[in-house]
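This report refers to the structure that appears directly beneath it.
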Amino acid sequence: MILMWLMHMNVPVRQYIHEPLAYIGVVGVCLGIIMAAISAGMFRKAGTGIKPFDEATTLVTNGFYRYTRNPMYLGMFLMLAGVALLMGTVGAALPVLGFILIIRNNFVLGEERFLEANFGQQYLDYKSEVRRWL
């Protein structure tokens, strides 16, 4: 978010969303917080690691995990996208794309390999039924 703010202030490129339409970003921020918090809580309740690459002792497949394999990351994306909408500039939106690439390449792909190694066919079945994002 700091990078988004810096880009918004110093390299806005173009204002593409104006008030009051920009306030729709509040919805994204709120949904993102709710999704990430509930999903993290489900990990805590299941007694499995929350931090990336922590040991996974349980494959959580209920709640938001019925619709996306990565609801915590998706929640973070929704928060950032909501902030980008509130700022309304191209400069503020660019770091959101970088976030997606970093999360996918540095976390999601490795976590998927880790889960497949730990849970085998159970994870493969889940993976075939639930999309990575939406």
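Computed over protein heavy atoms with a 1.4 Å probe, the accessible surface of the chain works out to 60 Å² per residue. So what's the gap between the Cα centers of region 41-64 and region 104-130, to the nearest angstrom? Measuring centre to centre over Cα atoms gives 13 Å. Its Cα centre serving as origin, the chain has a Cβ charge dipole (Lys and Arg +1, Asp and Glu -1) of approximately 80 debye. The stretch between A40 and E116 holds 25.3 nm of extra length on full extension. This uses 0.36 nm per residue minus the Cα-Cα distance. Its Cα gyration tensor gives region 54-121 an equivalent ellipsoid. The semi-axes, each the square root of 5 times an eigenvalue, are 29, 14, 7 Å from largest down. The stretch between E129 and N105, if pulled fully straight at 0.36 nm per residue, gains 6.5 nm over its current Cα-Cα span. Max-minus-min Cα coordinates of the chain on each principal axis give 48, 24, 23 Å, with the largest extent listed first. When a 1.4 Å probe is rolled over the protein heavy atoms, the share of accessible surface on the chain that falls to carbon and sulfur comes to 66 percent.
When shorter helices are ignored and each DSSP H run of at least 4 residues is given -39500 (n - 2.57), the per-residue value for the chain at 222 nm works out to -19500 deg cm²/dmol.
The values are calculated or read from the model by the stated rules, or taken from the named source; none is laboratory data. Not measured: the values here are computed from a predicted model. When we count neighbours, we look across all protein chains shown, and the Cβ atoms used for this are built from the backbone with ideal geometry, even at glycine. The area values use the complete protein model at the heavy-atom level, side chains included, leaving out ligands, DNA and RNA. Shrake-Rupley method; radii C 1.70, N 1.55, O 1.52, S 1.80 Å.
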